[in-house]
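In what follows, a structure is listed as structure tokens, so that the remarks can point back to it.
Only the coordinates and a few stated rules stand behind these numbers; no lab work does. Remember, predicted model here, so these are calculated numbers, not experimental data. All Cβ positions, glycine included, derive from the backbone under ideal geometry; neighbour counts span all protein chains shown.
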Amino acid sequence: MNIFRFSGDMTHLISILVLLLKIYATKSCSGISLKTQELYALVFLTRYLNLFTEFFSVYNTVMKLVFIGSSLVIVWYMRMHRVVKLSYDKELDTFRHYFLVVASFVLALLVHEKFTFQEIFWAFSIYLEAIAILPQLVLLQRSGNVDNLTGQYVFFLGSYRAFYILNWIYRYFTENHFARLISCISGLVQTALYADFFYYYFISWKNNKKLQLPA
Amino acid sequence: LREEKVHDEL
């Protein structure tokens, strides 16, 4: 464990707490893409298949349970909660995210570390996470103005993988055997997808204006 | 020996 990875995990945790705060405090999920939340639940469920077979540390296991649990709770809130589900932007959140799932699975069948059940699903979860934010970014552009908590949620979610990239660079120089090409390339793609959001987020912060994404 | 790959990251 290094400071970059720990910072990345904490930033990821903060993004989830901000999202839970927004939904719980405002009893609204307007501006949040249910499809992105469903994709993230799938990402965690397929990535942590080794949850009960490989033990690394209490921290590792606890964080996996937190990520799986929170993503399922958020999906439940947005689908089932009698008040929250009324504020879901159903007509705006129309990204066909099934294509993202199929594309990631096909790519995982082609590019993986080993052709084993766990490795295929691990690679699938890495590829899917890289593009899971697309429905959310599209929804933000369509819904025009972004409320603060939603903007902060996307900002922290985008930042965490950037910390992981620093972690991979650090591990590359400190651990001779470290080789994790799949994560590095997917992580770069994932962070790059947030680039324009970060730009508009920084502009709105600098000018102290509401975050506006161009349609 | 191919190093055993461990997914120790989240």
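Could you calculate the FRET efficiency of A:D196 with A:L166 from 1/(1 + (r/R0)^6), where r is the beta carbon distance between them and R0 is 30 Å, rounded to 0.05?
Plugging the Cβ-Cβ distance into 1/(1 + (r/R0)^6) gives 0.90.
As a proxy for reagent exposure, ranking A:M63, A:M10 by other Cβ atoms within 10 Å from fewest up yields A:M10, A:M63. As a rough footprinting exposure proxy, the listed residues A:I126, A:I165 were ranked by other beta carbons within 10 Å of their own, and the order from fewest upward is A:I165, A:I126. Legend: ranking of residues A:E54, B:E9, A:E175, A:E129 from fewest to most surrounding C-beta atoms inside 10 Å; resulting order A:E175, A:E54, B:E9, A:E129. For the range A:9-144, the orientation-averaged shadow of the C-alpha convex hull comes to 8.8 nm² (one quarter of the hull surface). Taking the alpha-carbon distance from A:K85 and a cut-off under 19 Å, which aspartates and glutamates remain once sequence neighbours fewer than 8 residues away in the same chain are dropped? Excluding near neighbours in sequence, the set is A:E38, A:D93, A:D147. Remark: spin-label model distance A:E175-A:Y24 equals 3.3 nm, labels positioned 7 Å along the Cα→Cβ axis. Within 10 Å of the Cβ of each residue in A:198-209, the mean number of Cβ atoms contributed by other protein chains is 0. Highest-first packing order for the peptide set A:205-214, A:103-112 is A:103-112, A:205-214, based on the mean count of other beta carbon atoms within 10 Å.
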